[in-house]
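Enquirer: I'd like to ask some things about the structure below.
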Amino acid sequence: MELFRSKRLVIERVEYTLPDGRRKEGVIAHPGDAVVILPKCGDACWHLIRQYRFAVGSYILEAPAGKLEEGEFPVETAHRELIEETGYQAGDMVEKGWIYTTPGFSDEKLHLFEARDLSLSDAFEKDEDELIELVTVTGRELEQMCLDGRVSDAKTISVVYRCLRGVIT
């Protein structure tokens, strides 16, 4: 039974059966799938964005990200969102797997990408509600920022781990 619907989110109450046969009731949030992109600029640096997030009431450092549009493949979304949020296009978009964000109550899946071979592009504009600043850091700085809490966004920590594992410069 649908409890709520907006442009970005559907929330429903569902009945489900556990593997042991017991019947339960729960609530599932369906925000739709999205992408997260970690742009690599050269051999030793990466781009993050500093973006205002109204839900937490402050600016946070994060990787560019965005929701899949209907009929769009994740890699297409990644190319579009990278341009919208950073002003760069990727010559190479490398898949780094996917994660569930909050499987206790949501079916949202985030597709992770590393963007390489960057060049400037204005093919897409920022969304009107986005306040974004580009921040460039080294791999070591990025790792430290994830460890010390300057990067506190789970999707960003996940894509950083997948991109930097074994490649910290």
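The values are calculated or read from the model by the stated rules, or taken from the named source; none is laboratory data. Only a predicted model underlies this, so the values are computations on that prediction, with no experimental measurement involved. Positions of Cβ are generated from backbone atoms using ideal geometry, with glycine treated the same way; all protein chains shown enter the neighbour counts.
Enquirer: Of the residues L164, L112, L118, L142, which single one is closer than 21 Å to G32 by Cβ and buried (at least 18 other Cβ atoms within 10 Å of the Cβ)? Walk me through how you get there before you give the answer.
Expert: Numbers: L164 fails: closer than 21 Å to G32 by Cβ; L118 fails: closer than 21 Å to G32 by Cβ; L142 fails: closer than 21 Å to G32 by Cβ.
Of the residues listed, the single one that is closer than 21 Å to G32 by Cβ and buried (at least 18 other Cβ atoms within 10 Å of the Cβ) is L112.
Enquirer: Right, next: Restricting the first residue to region 74-88 and requiring it to be surrounded by 18 or more Cβ atoms within 10 Å (Cβ to Cβ) and part of a helix (DSSP H, G or I), which pairs with a second residue that is at pLDDT below 95 and among the small types (G, A, S) meet a Cβ separation below 6 Å and a spacing of at least six or different chains?
Expert: I83/S121; I83/A123
Enquirer: Continuing with this model, one more query. Kindly provide the set of residues from region 89-109 that are within 17 Å of R165 (Cβ to Cβ) and either touching a Cys at 6+ places or on another chain (Cβ under 8 Å) or surrounded by 12 or more Cβ atoms within 10 Å (Cβ to Cβ) (or both), ordered by number.
Expert: Looking only at region 89-109, we keep the residues that are within 17 Å of R165 (Cβ to Cβ), and these are 94-99.
Correct list: V94, E95, K96, W98, I99.
Enquirer: How many residues does region 110-149 contain that are of a type outside the set (S, T, Y), in contact with a helix residue (DSSP H, G or I) (Cβ under 9 Å, 6 or more places away or on another chain) and within 16 Å of E81 (Cα to Cα)?
Expert: Start the filter on region 110-149 by keeping residues that are of a type outside the set (S, T, Y), which leaves 110-118, 120, 122-135, 137, 139-149.
This time we only want the ones that are in contact with a helix residue (DSSP H, G or I) (Cβ under 9 Å, 6 or more places away or on another chain), so: 110-115, 118, 122-127, 130, 132, 134, 137, 139, 142-143, 145-146.
Cutting the leftovers down to within 16 Å of E81 (Cα to Cα) gives us 110-115, 118, 122-127, 130, 132, 134.
Total meeting the criteria: 16.
Enquirer: For region 117-144, give me each residue that is outside any strand (DSSP E or B) and either in contact with a Ser or Thr (Cβ under 7 Å, 6 or more places away or on another chain) or of a type in the set (D, E, K, R) (or both). Working first, answer last.
Expert: Keep residues of region 117-144 that are outside any strand (DSSP E or B), which gives 121-131, 139-144.
Of everything in region 117-144, those that are outside any strand (DSSP E or B) and either in contact with a Ser or Thr (Cβ under 7 Å, 6 or more places away or on another chain) or of a type in the set (D, E, K, R) (or both) turn out to be D122, E125, K126, D127, E128, D129, E130, G139, R140, E141, E143.
Enquirer: G104 is checked against (1) assigned to a helix (DSSP H, G or I); (2) free of Cβ contacts under 8 Å to residues at least 12 places away in the same chain and fails just one. What number does that condition carry?
Expert: The number of the failed condition is (1).
Enquirer: Here's another thing I want to ask about it. Quickly run through region 5-25 and pick out the residues that are β-branched (V, I, T) and either modelled with pLDDT under 95 or closer than 15 Å to E108 by Cα (or both).
Expert: So in region 5-25, the residues β-branched (V, I, T) come out as 10-11, 14, 17.
Answer for region 5-25, where residues must be β-branched (V, I, T) and either modelled with pLDDT under 95 or closer than 15 Å to E108 by Cα (or both): V10, I11.
Enquirer: One residue is enough: does region 3-17 have a residue meeting the conditions over 21 Å from E128 (Cβ atoms), touching a residue at least 40 places away in the same chain (Cβ under 8 Å) and not in a strand (DSSP E or B)? Walk me through how you get there before you give the answer.
Expert: Restricting attention to region 3-17, the residues satisfying the condition of being over 21 Å from E128 (Cβ atoms) are 3-5, 10-17.
In the following step, the residues that additionally are touching a residue at least 40 places away in the same chain (Cβ under 8 Å) were identified as none.
Looking for residues that are over 21 Å from E128 (Cβ atoms), touching a residue at least 40 places away in the same chain (Cβ under 8 Å) and not in a strand (DSSP E or B), one finds none in region 3-17, hence no.
Enquirer: I want to confirm something. Restricting to region 47-62 and keeping residues that are charged (D, E, K, R) and in contact (Cβ under 8 Å) with a residue 60 or more places away in the chain, which single residue is surrounded by the most Cβ atoms within 10 Å (Cβ to Cβ)? So that I can check it myself, show each step before the final result.
Expert: So the first thing to find is which residues in region 47-62 are charged (D, E, K, R), and the list is 50, 53, 62.
Add one more test, that the residue is in contact (Cβ under 8 Å) with a residue 60 or more places away in the chain, and what stays is 50, 62.
Values: R50: 13, E62: 23.
The qualifying residue surrounded by the most Cβ atoms within 10 Å (Cβ to Cβ) is E62.
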